[in-house]
Each structure stands twice: as structure tokens, then as C-alpha cells.
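Structure, as C-alpha cells:
The values are calculated or read from the model by the stated rules, or taken from the named source; none is laboratory data. Note that the coordinates shown come from a computational prediction; the quantities given were computed from them, not determined experimentally. Glycine gets a Cβ as well: all are built from the backbone with ideal geometry, and neighbour counts include every protein chain shown.
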Amino acid sequence: MTKDIEKFIGQEFEPYTFQVEQGKIKEFVQAIGDGNPIYTDREQAVAAGFRDVTVPPTFATVIDLWGGRDFFQICEALELNPLKVLHGEQEYEYLVEINPGDEITARSKVTHAVSKPSSSGGMNLLTMETVYTNQRGETVLIARSTVIERF
């Protein structure tokens, strides 16, 4: 069923903070099977031009899952049926490297919402943007994701 999802455009969520730990980076790269030593070996990371061990491109997932709202809280806030929700597109724009010891604060908001009915049902599409800053106030990452609710 179509609904007025455009009312969520501009909605901001409560910010959350996550302390980046080298152990979490190591666990994550093991889970995704990425053996690049810049994620686990400081000397190799520095030799590659980083300040320290750094995070892989999809590490924002760890920040969100361990520091942010869970799936059901997001669905409730956006009046979505969790049984009909799919994860759509995801993109990450890294601006400054993230290293162990960084304290990352994430601020999310809905930047786009549209309902697309079709003869076989349709879908609601919501784009969420999360801006991540470190303890120095630097924007380190911007993530954009599309949430799809089938109807």
C-alpha cells in the first residue's frame, strides 16, 4: 500500500558514538576473508602510506551495528513493515582514514523518499545518509543506503 513516506525526508536520528578498536578491525577482516595486512599490521599499514592500521571499506557496518540503532528501531521510526524490508544500494565515501583509537560519531538522516506503485504491488524507497566524524571533528566518512519496503 502506498503511504506518505515523503514526510520522513529530513528526519534525523539520535547520534551515536563508537570507539574503534584494533580487535574489532581484525574480527571484521577475518569475517569477510580479507587478508590485506594494512588492516592488521601497523608496519605494513605505515609502509603503504597510512598513519596506522586502517579499516576496510565496509567497516561502517561495524560502527552502525555496535553503536547505532538496530533494524527494528529503524523500521519503527520510519513506519516500515520489517517483514517487507530489503536492503538496497549501499555506498561509502571515505574522506579521512579511520584508525584504532578513533572515536567515531555517526549522524543519520533521511535524504530522499519516494513511493513507486506498480501493477504487481510496488515499493517505498528511502535513502538514508550517515555522516561519521572523528574525535577531532573531521568528517571521515559519508555513507548512503537505500531501504526498500515492498507493498
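Residue by residue, here is whether (1) surrounded by 16 or more Cβ atoms within 10 Å (Cβ to Cβ); (2) under 19 Å from residue 76 (Cβ atoms); (3) modelled with pLDDT of 95 or more holds:
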site	(1), (2), (3)
103	no, no, yes
106	yes, yes, yes
113	yes, yes, yes
116	no, no, no
128	yes, yes, yes
132	yes, no, yes
137	no, no, yes
142	no, no, yes
147	yes, yes, yes
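For region 28-79, the set of residues classified as at negative phi, exposed (fewer than 12 other Cβ atoms within 10 Å of the Cβ) and of a type in the set (Gly, Ala, Ser) consists of 31, 35, 47, listed by residue number. For residue 82, the criteria (1) exposed (fewer than 15 other Cβ atoms within 10 Å of the Cβ); (2) more than 20 Å from residue 147 (Cβ to Cβ); (3) in contact with a helix residue (DSSP H, G or I) (Cβ under 7 Å, 6 or more places away or on another chain) hold in every case but one, which is (2). Taking region 1-31 as the range and being over 14 Å from residue 80 (Cα atoms) and either in a loop (DSSP other than H, G, I, E, B) or of a type in the set (D, E, K, R) (or both) as the test, the residues that pass are 9, 10, 11, 12, 13, 14, 15, 20, 21, 24, 26, 27.
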